[in-house]
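Below is one structure, written out as structure tokens, with a few remarks after it.
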Amino acid sequence: MFSLLYGLLCFCVLGCGQMASGQVDDGKRYICRAIPLSGDASCPVTLLPELNAGSQEEELRNTVMQLRETILQQKETISKQLGTINELTTKLSLCASATNDRKYEKGGSWGKEKQNTMGDVPRDPNDTIDSLGKTMQGLKDRLENLEQQQMRANISGASFPSELRDLLQRRLGELEKQLLKKVSSLEEEKSMLSNATAAYRLKTESTLNALVERISELEKGGGDFKSPEQFKLSLPQRTNYLYGRITKSLPEMYAFTLCMWIKSSASPGIGTPFSYGVPGQANEIVLIEWGNNPIELLINDKVAQLPLEVRDGRWHHICISWTTRDGQWEAYQDGEKLGTGDNLAAWHPIKPGGVIILGQEQDVVGGRFDAGQAFVGELSQVNVWDRVLKPVEIQSMANCSSYIPGNVISWLASNVEVFGRGAFKRPVEMCLERLPNA
């Protein structure tokens, strides 16, 4: 049985071979196979599909090129992402380093040399915040670019590493927290610096204004006076029309010191060398001696008697200081403290915007003078400070070793106006006139 099958198979193969060798090659391929005895004895031929070797090669080549391009794109994307991660890691390390350095630094200012915490962050707080905002925006743009690259890679069939993207997002989140913390710190430092700068600016402007005013007077030459403060106001008669007026007013004050050189021999009483009136209170500050009463200090119409005696026709230096705290006052004559007291208009602030009159007592602000209360004599270097002067400062002015102009009212020729025929301003040197042989 097996022999018969083997013989049939050989016959079929030989027959097919002869048929193939007897025909022209038409590019087709045939195959023979064994069939059972009960089947068709003819040699069936199965025709293979027509194959074109050139097109098949081209298709394979295109596939290989596409795979190669995909691999190169993926490699380039990974390289860029690694570079971005390295850059973010470096900036995060710099931020952490700068934060640790700031933690141990004290008393720093923008004017001193400091380490740049981000490599490209400017010194000024405003520029720093703007630069940090730009850096954050740049990092967010990079992340968007990476996400777009991932979408393109997904479209082309390439897969974007999810681990790399998660790592990048974590790094970016940490860096964002560091930047926000630094921005908050800079804002706080800027606020503190602004407050300190504002206070210092006010103090500096006040000092500069006083210096400018002083320089202006020196440039004018003070008229016929050797220096701007070396002049006196003379009020020789007891009338209601001779007086001097200070062109400036007082601010609100919670303490003050009033100093002046005074010379008088009037009797009874020297009158009113100084008065300050405000709307609603003509006797806000008054220094007066009338009749046989001692010299009195009035503040808001409250009275304190001062142990001063200046009716000997000689120059005397007097100072009166007062503070709203418990209404404490002190009186000095020729550098020596002669009296103190308290409860004089306690807790009452000196009101601003009034009028200062030298030589007359005001019944209304700036006027309605009474000749019986007018000052007769000479005044010089009438100065007002908004603080209580130290005893050593008062002594230095009284013994002519120094001159301290008032920071609220200073004795300058341009600050004093003279009213009435017979009143005048003349040069004077009190220290020389105080000598016995003068």
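The values are calculated or read from the model by the stated rules, or taken from the named source; none is laboratory data. Small disclaimer: the values here were computed from a predicted structure and weren't measured. Glycine gets a Cβ as well: all are built from the backbone with ideal geometry, and neighbour counts include every protein chain shown. Side chains included, ligands, DNA and RNA excluded: accessible areas come from the protein's heavy atoms. Shrake-Rupley method; radii C 1.70, N 1.55, O 1.52, S 1.80 Å.
Of the listed residues F369, F231, the order by accessible area with a 1.4 Å probe, largest first, is F369, F231. Model label sites at S93 and K337, defined 7 Å from Cα along the beta-carbon direction, differ in position by 6.7 nm. Once the Cα-Cα distance is subtracted from the 0.36 nm per residue extended length, the H348 to Q137 segment shows a gain of 70.1 nm.
With the simple spin-label model, which puts each label point 7 Å out from Cα in the Cβ direction, the T247 to R325 separation comes to 3.6 nm.
Is the C-alpha gyration tensor of the range 231-434 telling us rounded, prolate or oblate? Criteria: a/c under 1.5 is rounded; beyond that, a/b larger than b/c is prolate, otherwise oblate.
Rounded is the answer for the range 231-434, as its axis ratio a/c remains below 1.5.
Gain in length, E144 to Q169, computed as 0.36 nm per residue apart minus the alpha-carbon separation, to one decimal in nm?
This chain segment gains 7.9 nm when fully extended.
Suppose accessible area is computed on protein heavy atoms with a 1.4 Å probe; arrange M397, M65 from highest to lowest. Don't skip to the end; give the middle numbers.
On the way: M397 15, M65 90 Å².
Output order, biggest surface exposure first: M65, M397.
Pairs with C-alpha atoms separated by more than 25 Å, drawn from the list K190/K351; K351/K425; K134/K190, are K190/K351; K351/K425. Here the gap between K302 and K203, fully extended at 0.36 nm per residue and compared with their Cα-Cα distance, gives a gain of 32.4 nm. Exceedance of the 30 Å cut-off in Cα-Cα distance is limited, within the set K302/K337; K203/K302; K80/K181, to K203/K302.
Ordered from highest to lowest accessible area with the whole protein assembly present and a 1.4 Å probe, L298, L235 read as L298, L235. L389 contributes an accessible area of around 10 Å² to the protein surface, as traced by a 1.4 Å probe with all chains present. Put a dot 7 Å past the Cα of K181, heading toward its Cβ, do the same for K75, and the two dots end up 4.0 nm apart.
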